[in-house]
Amino acid sequence: QCMTSNISNLGLWESLSACEVCADGNALFHSQVVCWRAVASIAWSVLLLPPTTAVFTFFSKFSFLHPIQTISECISLMTSASAIFSLILVLKDLILSLFSVIPTIACSKIALLAQLLHPRQLVNSLLHCIMGVIVAWCCGVTMGFRYESLGYPCPQSDGLPLMCLNEYQLILLLLGAFVGFSHSLLGVMHNFNYISFHTVQQYKYHRFKGALPLVARCSVTQALYSVRNFVVLYFFLGHVPRAWICQTLNLQLNRSALDSISGLLDFTLLYHLWISATFFLFLWYITLLLFRIFVTEVHSFPVQSSFTDDTPQCLPTVLAEKQPMILKFLALQDLALLSQHSLARRCEVFSLSQPGGHAHNWNAISKECLSLLADLTQRLQAYHDTIATNGRTKSLSSGSERKSSSETSGIFTNNVDLRSLVGEPLTAPFTPDLVSPFASPALRRLATVVDPGSPWYGTVQSPHIMRRGPKLWSTSTGDQSTFLEKLGSYFFKTKTFFFLCVTQVKNFLSKRVLVTYLFNKLPEASSQALFADSQAHIWALEGLSYLVQASFSEDHFGVVQTTLPSILSSMLLLQEAVDRHFKLPHASSKPSRSTSSMEESTYKTLRFALRATLKTAIYRITTTFGDHLKAVQISAEHRKRLQQFLEYKE
Amino acid sequence: MEATVTPQRYAFLSVFFRRDGGLTGLLNEITNSHTEGRHVNNVVCFSLPLSSGCVLALLRWVSSFHGSLFPHLTLSSEDMIAEFSQVLNWSDCVVRAFSWHPHADKFAVALLDDSIKIYNPKSATTPTLKHRLQRSIAAVQWKPLCASALAVACQNCLLVWHVDPCSLSTRPSSGCAQVLSQPGHSPVTSIAWCPSGSLLVSSSPVDTAMIVWDVAAESGVPLQRVGGGGVTFLSWSPDGSHILASTPSALFRVWETRMWTCERWPCVKGRCQSGCWSPDGSRLLFTVQSETVIYSLTFTDIPGPQAAAVVADLSETAFSTPDGDIIVGGEIQSMAWDLRGERLAVLLKDRPAIIAVFKTRASPIFELLPCGFVQGEPGAEPRLMQFHPNFRDGALLTVCWSNGKITHVPFYFLSASFPQLSFVGKPSPPRLQDGAADFTNQSLFTELIS
């Protein structure tokens, strides 16, 4: 009875929090679609708790020598109220607002660090720690034995009964906190909050069944790593929390301390720690898995409705809305599926409005899809342009070293003027002149090591970049530079300043190694970030191309024909932009092998999927229409491109 | 400690121990370290080999039990490919796999030396594809709605080549190939592309799961169903709605591709050897090993109890020819149906291997009429055949022979569904090497409209 009330309390609390979040969004409809899914997933994970705990209890009590005793113990434990009570306090880390369909991709280590140190993330980590401690305590109570309480009465030499610290429970609680904390950190680093959609639609049961072995394997291995790290940490720093606990709770230390090699090499202890860590991680992963499965389930939106009240729930309306993202994604997924599988719903898309005869449905859908594609094209072009302009200024700056400094910068970046001033080839202050014979080899090496990785140059890798490196720490405002110029010319008279300079620069650069490490762009991150929400574009492309293909035989009013030129041209434009993007030096042409873990790595391969889908989409249209496409009004350049597709030469 | 990979794998254990062979190898090693005769006094060191030996014995017992349930698991991977391939006598066949491009006029041929050649009449170069992982090719297939991608089923993995049609290179580098592999999923004996070009399905006789690949992302979703012991042959219906997946035991499944659920179809006698779909995906013709008949199944929207109907009996029959009587008939190795649904070619296995061709008609009622036989040069037997996917003037059957020749056999006819075709300026009707009497007027099977 205790259990049921608590479970219902928990469920209610979670659903309330879920719906609170939902209420921010699009009122009732959103709550219907998304909240119910969240609640259902939580309900299922709560329902799965008893069997999980049964397995955990079985493993924690298992002994080779007394199998029957183990089973009977487990059964008695499972039925006993205290054990069941301990189940329920397993709280979930479902904070809905943290989940998103678009991954956040940190482009450099410093951005990742900023994410980790974000106040919200700190609170999240703290919550995870607390939950970890609570779950660990529950595990301790369930396992019984020596993990049950933090203190125990121990006889003292002078006869007074005193409470002593039970270090076994302390180590278990600390492990809980550690696992919770590392789980939340890994969650940020591996984008646990990212929800990806699957290309293969399956019923929830089959998806869950298929993913269960993976979850079990992941939690077991992750627990192993966590326990290893924790044991090492406890070995070195274990005395700090122990002393603190002893002091706060006024407990005595009786037994020999556990943070020694002999204390930690207790196999039973390690086994129990590992089993407990596996249990927490398994619970968390299962919740995550269920949530992902429920949220990404296909929702069928009506294409049109005869009642105006239902218009906000119709596909064209939902597609056009910007927020919430999840609903838009679901609508696009539904569009891609209906265009592929459902004849009746396609007919609704191609139909005309009853009074007036306008193709509202098709117009709204195609407009939204085309704007999505145009948006991506624009983004790619902008990215390409920034890189291209970077390249141009770079080549200018390297090529125009002999030009006057008036147009570019002051003394800190351009040493030509100063050389002419002084009349001898001297190195300007703060500017490591790499060709200068005065620069030490160490400095030269440092400069070459540091500069290519500078954050401001993105992932462009060209030899020119080293020339621009010094600009990083230069300021070049007008009057300041003239003042400094004068100052500089004074200083140049003294030779000692040169050495001072060199040492200064050296110091500065050596300090910057850490900075460069932090600011170093992670490989491919910018490309991943650019295509982060490409799942939407993939669906838009699929939906459009399947609808156009179907229109060849199903579109009786010719509504698609009017938009066919714009569809083709926007697809070809996107194709051009994507091709150009993949020709950039940093964009690898093949996806890296994904590791099998709970980490959702789909976002890493989205750009490849987009490229393939785009090509297939154009081929789908050209194959269906064939030579009829010659009658479509498009520009000559695009016509040439289409001809390539018609001849299967792309 | 080097783990040895045993040839027989435990398909159901591989679900749990994906790196199969690793555990067995480890246990083997531990057990052998004891029997090598080292002096062991320590209790732990003594009990470890003992217990691992016990576990190993248990595993072996389970695997032998499993092997007796599914005898094919004891075969080596080459034998397994030969057993389940659609090619007749795969192991000594010069042409091991063949595939027409679904849209353009070019084809890929996999040869005995594990290389693949791509022939295109419009280009002077014939690219040769070689890769160190490309061994024992069981099947090749071009990706639909794409000019360049070619999927290759190999012994240990699945390769997807990207051969640029405009490139002049004759040896594309192995960097042009994507390697798709999953532990426990080899040898790959069958592959099938989704007709809309987005997904690729692969199967292996040792893996009870067939894998649906998103090739661009290199990610695979295993679709696991217990029973059957593996998946040997896949065929995706031309409309993309269904997939036939046959297993090594007397059972095959038909998957629908929207929600990826399957129907189980148990057979009475043997495993499903081959199958092909009508163009609209509503009818499946299949053959069963050790039977000489062709079955038909229809897939309509109306659910209900169904049974496969026998549509043709190909048991041994004597035909009198000018050269003397010949006996034709027997078990069926493979079947091919042209994409208009007008000609069905059936490759018969036994003495002599021969291709029988039927005329088919889907509406108003399903009809199967004998049309003739395709024979090669004396001494050459057909090994592999495929219809050209878009031959304008009828159907074009490409046959690979045991002597390494590839011939194209055109069938010119006026299609019922494409009446606009005319015979103006057509070359003379093909010289079919018919060894049999004309059965055109005699209906072998006609389905009654109920």
Exercise. Inspect the stretch A:173-186 for any residue being touching a residue at least 60 places away in the same chain (Cβ under 8 Å) and polar (S, T, N, Q) and give the result as yes or no.
Key: yes
Quiz item: Exactly one of (1) within 11 Å of another protein chain (Cβ to nearest Cβ); (2) more than 25 Å from A:T613 (Cβ to Cβ) is unmet by B:S174. Its number?
Solution: (1)
Exercise. Answer yes or no: is there a residue in the stretch A:256-275 that is part of a helix (DSSP H, G or I) and within 30 Å of A:V39 (Cα to Cα).
Key: yes
Quiz item: Would you say B:V87 is under 12 Å from the mean Cα position of the chain (by Cα) and either closer than 20 Å to B:V399 by Cβ or small (G, A, S) (or both)?
Solution: yes
Practice problem: Take A:S353 and decide whether it is of a type in the set (S, T, N, Q) and either outside any loop (DSSP other than H, G, I, E, B) or touching a residue at least 12 places away in the same chain (Cβ under 8 Å) (or both). | Solution: no
Self-check item: Top-ranked residue of the stretch B:294-309 - restricted to ones that are of a type in the set (A, V, I, L, M, F, W, C) and in contact (Cβ under 8 Å) with a residue 24 or more places away in the chain, ranked as surrounded by the fewest Cβ atoms within 10 Å (Cβ to Cβ)
Solution: B:A309
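Matching residues to (1) within 25 Å of A:Q333 (Cβ to Cβ); (2) over 17 Å from the mean Cα position of the chain (by Cα); (3) within 14 Å of chain A (Cβ to nearest Cβ); (4) not in a strand (DSSP E or B):
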residue: B:I211; (1), (2), (3), (4): yes, no, yes, no
residue: B:S235; (1), (2), (3), (4): no, no, no, no
residue: B:P248; (1), (2), (3), (4): no, no, no, yes
residue: B:C276; (1), (2), (3), (4): no, no, no, no
residue: B:G281; (1), (2), (3), (4): yes, yes, yes, yes
residue: B:Y295; (1), (2), (3), (4): no, yes, no, no
residue: B:I302; (1), (2), (3), (4): no, yes, no, yes
residue: B:F319; (1), (2), (3), (4): no, yes, no, no
Self-check item: Qualifying residue in the stretch B:265-274 (condition: within 30 Å of A:T602 (Cα to Cα) and either away from chain A (no Cβ under 11 Å) or surrounded by fewer than 23 Cβ atoms within 10 Å (Cβ to Cβ) (or both))
Solution: no
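Results for (1) more than 22 Å from B:C166 (Cα to Cα); (2) away from every other protein chain (no Cβ under 14 Å); (3) at pLDDT 95 or above; (4) in a helix (DSSP H, G or I), shown as yes or no for each residue.
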{"residue": "A:L573", "(1), (2), (3), (4)": "no, yes, yes, yes"}
{"residue": "A:M598", "(1), (2), (3), (4)": "yes, yes, no, no"}
{"residue": "A:L606", "(1), (2), (3), (4)": "yes, no, no, yes"}
{"residue": "A:H628", "(1), (2), (3), (4)": "yes, yes, no, yes"}
Quiz item: Does the stretch B:65-84 include one or more residues that are within 22 Å of B:S190 (Cβ to Cβ), in contact with a strand residue (DSSP E or B) (Cβ under 8 Å, 6 or more places away or on another chain), surrounded by 14 or more Cβ atoms within 10 Å (Cβ to Cβ) and away from chain A (no Cβ under 14 Å)?
Solution: yes
Quiz prompt | Test: residue in the stretch B:216-233 that is more than 10 Å from chain A (Cβ to nearest Cβ), modelled with pLDDT of 95 or more and either over 16 Å from the mean Cα position of the chain (by Cα) or assigned to a strand (DSSP E or B) (or both) | solution = yes
Quiz prompt | First in the stretch A:536-559 and more than 17 Å from A:S342 (Cβ to Cβ), second anywhere and aromatic (F, W, Y), Cβ under 6 Å, 6 or more apart | solution = A:V559/A:F350; A:V559/A:W362
Practice problem: Kindly establish whether B:T360 is on the phi < 0 side of the Ramachandran plot, polar (S, T, N, Q) and modelled with pLDDT of 90 or more. | Solution: yes
Quiz item: within 23 Å of the chain's Cα centre (by Cα) and either within 14 Å of chain B (Cβ to nearest Cβ) or buried (at least 20 other Cβ atoms within 10 Å of the Cβ) (or both), is that true of A:V179?
Solution: yes
Practice problem: Write out, first by first residue and then by second, each pair whose Cβ atoms fall under 8 Å of each other, whose residues are 6+ apart or on separate chains, and whose first residue, in the stretch A:197-217, is under 15 Å from B:V212 (Cα atoms) and more than 7 Å from chain B (Cβ to nearest Cβ) while the second is among the aliphatic types (A, V, I, L, M) and assigned to a helix (DSSP H, G or I). | Solution: A:R207/A:I293; A:A211/A:L289; A:A211/A:I293
Quiz item: Within the bounds of the stretch B:242-254, is there any residue that is surrounded by fewer than 17 Cβ atoms within 10 Å (Cβ to Cβ), within 20 Å of B:S186 (Cα to Cα) and free of Cβ contacts under 8 Å to residues at least 40 places away in the same chain?
Solution: no
Quiz item: If you take the residues of the stretch B:133-160 that are facing chain A (nearest Cβ under 10 Å) and small (G, A, S), which of them is farthest from B:E83 (Cα to Cα)?
Solution: B:A147
Self-check item: Residue in the stretch B:190-231 that is surrounded by the fewest Cβ atoms within 10 Å (Cβ to Cβ), counting only those that are of a type in the set (A, V, I, L, M, F, W, C) and more than 30 Å from A:Y619 (Cα to Cα)
Solution: B:V226
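The values are calculated or read from the model by the stated rules, or taken from the named source; none is laboratory data. All values reported here derive from a predicted model rather than from experimental measurement. We place every Cβ from the backbone using ideal geometry, glycine too, and count neighbours over all the protein chains shown.
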